[in-house]
Amino acid sequence: MGKPVAYAVVAIVALSAVPFVAPRSEYAIEVLFLIFLYGAMATAWNLLGGFAGQVSFGHAAFLGIGAYATTIMIANGVSLWVAVPVSALLAGLYSLVIGIPAFRLRGPYFSIATIGIGEATRLIALNWTSLTGGASGLTLAGAPPLVQQYFAALALLVAAVGLAAWIRSSRFGYALAAVRQDTDAAETLGVATTVTKTQALFLSACILGVAGSVYALHYLFISPDSVFGFSTSISLVIMPIIGGLGTVTGPLIGAVVYTFIREQFAATLANVDLLAFGVLLIAIVVFEPRGILGIADRVRGMRRARPPAGADA
Amino acid sequence: MRRSFLAFAAAALAAGTVVSSTPVASRADNGPSEVVVGAVLPLTGEESRVGTFYKAAYELATKEINDHGGLQLRQYGRKIPVKLIIYDDKTDPATSRNLYERLALQDHVDAMLGGYSTDLVQAQTVVPNQHGIPYVGGGGAASAIYKRGFKTIFSLLASIENLAYTECDFIEEMQAQKKLPKPLKMAVVYENTSHGQDFAKGLTARAKQKPQNFQIVMSEAFDLHGKDFTPLLQKVKAINANAFMSDAHLDDYITMQRQYAQVGLHHAYLTYGARGPEKSARDALGKSADYIVAAAWWNQAIPNAAVKAFDEKWAKAYPKLNAEWYAALPYETARTLYIAMTETGSVDKAKVVETLRHIDIRDTVLPGGHIRFEADGQINAPFVVTENLPDGKTVIVYPHAEKTGEAVLPVPGS
């Protein structure tokens, strides 16, 4: 077992202990749950947006499909153990349907197309009333206990980050990096760029499909605007940028910052959270595009470069 | 990666520690030191105009209680002040739901007051239901909210279907007086929300029931908080309708009516559902707001002693805010909760819910003055139909018990 894995195991064990160490701190458990859920969602987006450099503004579509599929299946008596993987698969299949034509576009054209795809998906859900309940949305009768949701979200996060770590050091990960750096050059080197991007989108969508299931079971009420909304897609983009685009743990760190700012400021100081996100994003884009992880690297680099005390100038 | 993971774990634990550090109101043997009541309102975003009134109304009702020492709770043998916590959801359903969760888990509220607008109320009401916390709202009228079997949710807003039926009753009366044609050909446009769908459903049901009175020649939904309704209004123009029946929220009503006038539309009967007499809308629209008919949950002109008293209190507390239905309803919402808690004599959540289930309050500011909830938690109170007249005047034209003037119909110049 390598050191990174050992540290990850320690972190997972520590986080797993929280509900037992502080069982009455339900709100803390709720906030950690949100961090895990957002962390998994941001990690999923990062597989395509960070690793492959294909910035999508329509990823809420996959979250929504997962949430709706799970809610509809559970309401019709399907077991949760069946509903969750089927939801993931449906989100994955939907990604293939939209990915194949969308990947004919590149760069900003692809990003603009994803806005349209996200909005079109929301409108379909809004108007397919017989299936989705339309604007009235769908409500689940009851949620699993918060602690069970907590562990489900933690497991999803671990799986997402684990998958991202594996991809990063795999042949597939190198292909994604090549696509990100120069699509034409990658093709010249023999990378099937469209297939590679579609595979990344499929994996990303499957994770978001499961995240949608967790979301639906936690929020109990879903409507087209709440799960397919553009603001959801934007939050998926913000978190990896804050933490570190194209890194394994950056989206997770972004999720911690995002959730913490939202939970602390949203309730007490109206719109200060939006101001904080704005300032943070501008600062990151201008000074350190690699996000918080990039800042951490810089600080480490400066420490190493500093001459030891007493050394000659 | 290891450092990042450790940083994440440390940050996550720190976040958890900070967010769980707010103290809970201390409870001695003689009851809590304060009764904690929470609400989440759209104080910013699209619904902020109305959300601001809700906040002011909740604060006014709470101040009245605290000025008299608090709620008299007989189980503890003393008066206990009310602490009102209000958060801003920015008109976002997910944020609204999360903040209600915060009220439940972090602030440990004894009861909740409702938010505003259908989509937010739909999302937020799962929280009090899940935690068994009494919730009294005055901001979500769509019947879908109350058909989910929730046991702790109560609302002072009567259903939108009833609103549509009330307007139809009024139209029938106008038809009997030969003021409106029979059948009335209606162009129905409605916001694509449960609210709007209920309105369209009510009109459709009545048109099926009484085809001799009503005929729907167009029925089309539009997206909430729209910016350009001109294509929709051009469609309406192309159809030979006598009545323009729209269901819209305040911002959409203002935008749509402005464009209605620009497109050059004229109908014998013009309504935006519950919207019409609001001062902010009339200021914005000027003469084009004249002759709009509305069916509302409340109006300042209701000839009732409780309304007059509320009107005076409101004007004194908030001289810059005109008393609208979205001032009176939340005020009465908070009062209803406080009356229920006083009648219960404790902050026991299940007991307060039980009291609300059977509560019967008279002499309120609502039309008819009576508050009693149906089995699903929603009130079944009557509406008042108003008509805007020139020079900023508004009269109640229906029902007869609350009538303050005669309807001017068909709309002059139509």
For A:GLY142, net neighbour charge (Lys/Arg +1, Asp/Glu -1) across residues whose Cβ lies under 13 Å away:
+2
Could you state the angle between the C-alpha long axis of helix B:250-263 and the longest principal axis of the C-alpha atoms of chain B, as a value from 0 to 90 degrees rounded to the nearest 10?
20 degrees
Which percentage, to the nearest 5, of the DSSP beta bridges contained in the protein assembly as shown is antiparallel?
35 percent
Between region A:255-288 and region B:199-216, what is the separation of their alpha carbon centroids in Å?
50 Å
In deg cm²/dmol, rounded to 500, what helix-only [θ] at 222 nm does the protein assembly as shown give when every DSSP H run of at least 4 residues adds -39500 (n - 2.57) and the total is split over its residues?
-18500 deg cm²/dmol
In whole angstrom, the spacing between the Cα centers of region B:286-307 and region B:122-194 equals 18 Å
I need A:THR139, A:THR183 ordered by Cβ neighbour count within 10 Å, fewest first.
A:THR183, A:THR139
Calculate the all-directions average of the projected area of the protein assembly as shown's alpha-carbon convex hull, and give it in nm².
37.6 nm²
Among rounded, prolate and oblate, which fits region A:27-131 when a ≥ b ≥ c are the square roots of the eigenvalues of its C-alpha gyration tensor, a/c under 1.5 means rounded, and a/b larger than b/c means prolate?
oblate
Within the set of other residues whose C-beta is less than 9 Å from the C-beta of B:ASP251, count the net charge using Lys and Arg as +1 and Asp and Glu as -1.
-2
Kirkwood Rh in Å, taken over all unlike Cα pairs in region B:348-412
14.4 Å
Other chains' Cβ within 10 Å of A:31-38 residues: what's the mean?
3
Dipole magnitude of chain B about its Cα centre (Cβ charges: Lys, Arg +1; Asp, Glu -1), debye to nearest 20:
260 debye
Excluding residues on the same chain fewer than 8 positions from B:LYS349, give the aspartates and glutamates whose Cα lies under 13 Å from its Cα.
B:ASP110
If you filter region B:321-404 for trypsin sites (Lys or Arg not before Pro), then keep DSSP loop positions with at most 15 other Cβ within 10 Å, what is left?
B:ARG362, B:ARG372
Using the Cα centre as the reference, give the magnitude of the dipole from point charges on the C-beta atoms of region A:30-230 (Lys, Arg: +1; Asp, Glu: -1; all else neutral), rounded to the nearest 20 debye.
260 debye
For each pair in B:LYS79/B:LYS313; B:LYS178/B:LYS208; B:LYS279/B:LYS393; B:LYS90/B:LYS201, compute the distance between the two Cα atoms and list the pairs where it is over 18 Å.
B:LYS79/B:LYS313; B:LYS178/B:LYS208; B:LYS90/B:LYS201
Quick one: among A:LEU154, A:LEU140, A:LEU176, which has the greatest mean-square fluctuation in a GNM of chain A with alpha-carbon springs under 10 angstrom?
A:LEU140
Could you tell me the ratio Rg/Rh of chain B? Both radii from Cα atoms, Rh via Kirkwood.
1.02
Three semi-axes of the equivalent ellipsoid, region B:124-166, Cα gyration tensor, whole Å, largest first
21, 10, 7
Leading residue at positive end of dipole, the protein assembly as shown (Cβ point charges), from B:THR271, B:ILE361, B:HIS249:
B:HIS249
At 18 angstrom or more along the helix axis (alpha-carbon based) and mean Kyte-Doolittle of 1.6 or higher, what helices does chain A contain? Whole DSSP H runs only.
A:3-21, A:60-75, A:80-102, A:146-168, A:230-243, A:272-287
What shape does region B:155-309 take by its C-alpha gyration tensor, where a ≥ b ≥ c are the square roots of the eigenvalues and a/c under 1.5 counts as rounded, a/b above b/c as prolate, and the rest as oblate?
rounded
Amide hydrogen neighbours beyond the local backbone of B:ILE85, cut-off 5 Å, H modeled
B:VAL37, B:GLY38, B:ALA39
Applying the gyration tensor rule to the Cα atoms of chain A (axes a ≥ b ≥ c; rounded if a/c under 1.5, else prolate if a/b exceeds b/c, else oblate), the class is oblate
Taking just the alpha carbons, could you work out the radius of gyration and Dmax for region A:145-292, both in angstroms?
17.3, 54
Any aspartates and glutamates whose Cα falls less than 14 Å from that of B:LYS147, other than same-chain ones fewer than 8 residues away, would be B:GLU161, B:ASP198, B:GLU374, B:ASP376
Scoring only Lys, Arg, Asp and Glu (+1, +1, -1, -1) among other residues with Cβ under 15 Å from the Cβ of B:ASN299 yields -1
Cut-off is 10 Å between beta-carbons; in what order do B:GLU172, B:GLU220 appear when sorted fewest neighbours first?
B:GLU220, B:GLU172
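We did not get these values from a lab; they are worked out from the coordinates using the rules stated. Note that this is a predicted model, so its numbers are computed, not measured. Note that each Cβ is placed from the backbone with ideal geometry, even for glycine, and that neighbours are counted across all protein chains shown.
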